[in-house]
1. Which trypsin sites (Lys or Arg not before Pro) in the stretch 129-197 sit in a loop by DSSP (not H, G, I, E or B) and have at most 16 other Cβ atoms within 10 Å of their own Cβ?
2. What is the stretch 14-277 by shape, rounded, prolate or oblate, if you read a ≥ b ≥ c off the alpha carbon gyration tensor as root eigenvalues and call it rounded for a/c under 1.5, prolate for a/b larger than b/c, and oblate otherwise?
3. Determine the percent antiparallel among the DSSP beta bridges restricted to the chain, to the nearest 5.
4. The stretch 60-108: which trypsin sites (Lys or Arg not before Pro) are DSSP loop and have at most 12 other beta-carbon atoms within 10 angstrom?
5. For the stretch 10-32 and the stretch 153-189, compute the distance between their C-alpha centroids and round to whole Å.
6. Assuming 0.36 nm per residue, please report the length gained on full extension of the stretch Lys16 to Ala263 beyond their Cα-Cα distance.
7. How high is the relative contact order of the chain? Use alpha-carbon pairs under 8 Å, at least six apart in sequence, and give a whole percent.
8. Give the accessible surface of the stretch 169-210 per residue, rounded to a whole number of Å², with probe radius 1.4 Å and ligands, DNA and RNA excluded.
Amino acid sequence: MTDSVPKEITLPSGYKIPTIGLGVYQNARCAQAVTAALKHGYTHVDSARAYGNEQQVGVGIKAAGVDRSTLFITSKVYMTDFDDTESAVVDSIKKLKYGLEGKREPLGSSDYYDLYLLHSPHGGPAKRLRAWRGLLEAKKKGLIKTAGVSNFGVRHLEELREAGLEQPAVNQLELHPLDQQREIVEYCKKNNIVLQAYSPLIRFNFSQDKNGVIQSVADKLQKTVPQVLIRWSLQHDFVPLPKSEHEERIKANMEVYGWEIPAEEMARLDALDIGDAGAVCWVPVHEP
Ligand SMILES: NC(=O)c1ccc[n+]([C@@H]2O[C@H](COP(=O)([O-])OP(=O)(O)OC[C@H]3O[C@@H](n4cnc5c(N)ncnc54)[C@H](OP(=O)(O)O)[C@@H]3O)[C@@H](O)[C@H]2O)c1
């Protein structure tokens, strides 16, 4: 059966991004999870400086024996490093390289991140612009292939546009049926900014789905709840980043291609949106 959802899509930067990535936030078994994910067909991992596991991502890739150049690896710079994002990128690359090769230096052309994001819009306009300029500089130097942002609202993206700067290729947001962030999603789709969906499994907390709609869709389709949530994300053209520490779950979370959530079930899931009240992480899109 041909699938309406591709396994990878082309970013505005010209590079291809696999449509599912393994999230590794608060992943106590990060290296093992990465190794398991690569074994089960993942080629995309989402890390961050703030997660403290960029090196462990490298360890996991090495243990899997997979060629790093076939993978799509992301990291993010946290606001505490916004005054010198380029140095933060270099440090992130060294950490990944140390995990991969057991050495930090010298950096060569095979040492890079596929995608690197400003983790959030915190810090105000001047700091944001400085941070974004630093990331574009890192891209110019080949340290990162694609530059993007996370948790940016419309005003933050407009700020970059008004400053005449290159637009981010990606905006990574909390996105799932309970929190659909419609205003910023519409803006990104209109401006060809790819949306990555974090916390796509609602952190496995379904207390706000009071009528058990997600479970009932899963029962009807004979799929698991995580599979339905990941497929919902894909059918909205998002790039979901499910996190798990368990191999069997990591494997099952990838079994989401080759079947569809029918339109009427998509509509039931879409109707669950309760905006910010549905967020399970943080809500930085309204930052001044
Ligand atoms: N940019 C940002 O500000 C930001 C913020 C939050 C997250 N993120 C990214 O998005 C990724 C995912 O988000 P998240 O970690 O917040 O949460 P999530 O992926 O929505 O949910 C993870 C939870 O679901 C459980 N789980 C996963 N698969 C399962 C399955 N098949 N059956 C039962 N339980 C399952 C996991 O448990 P086990 O691990 O025990 O299996 C974990 O408790 C993060 O890891 C990170 O990479 C980015």
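1. Of the trypsin sites (Lys or Arg not before Pro), the ones in loops of the stretch 129-197 whose Cβ has at most 16 other Cβ atoms within 10 Å are Lys141.
2. Cα axes put the stretch 14-277 in the oblate bin.
3. Percent antiparallel among DSSP bridges in the chain is about 15.
4. Working: sites: Lys62, Arg68, Lys76, Lys94, Lys95, Lys97, Lys103, Arg104; in loops: Lys103, Arg104.
Loop-located and lightly packed - Lys103.
5. 19 Å
6. The Lys16-Ala263 span can extend by a further 86.2 nm.
7. Details: 536 pairs, mean separation 60.6, N = 288.
That works out to 21 percent.
8. Heavy-atom accessible area per residue stands at 41 Å².
The values are calculated or read from the model by the stated rules, or taken from the named source; none is laboratory data. Note that the structure is predicted; figures quoted are calculated from it, not measured. Here Cβ is always computed from backbone atoms with ideal geometry, including for glycine, and neighbour counts include all displayed protein chains. The protein model used for the area step is the full one, side chains on, heavy atoms only, and it has no ligands, DNA or RNA in it. Shrake-Rupley method; radii C 1.70, N 1.55, O 1.52, S 1.80 Å.
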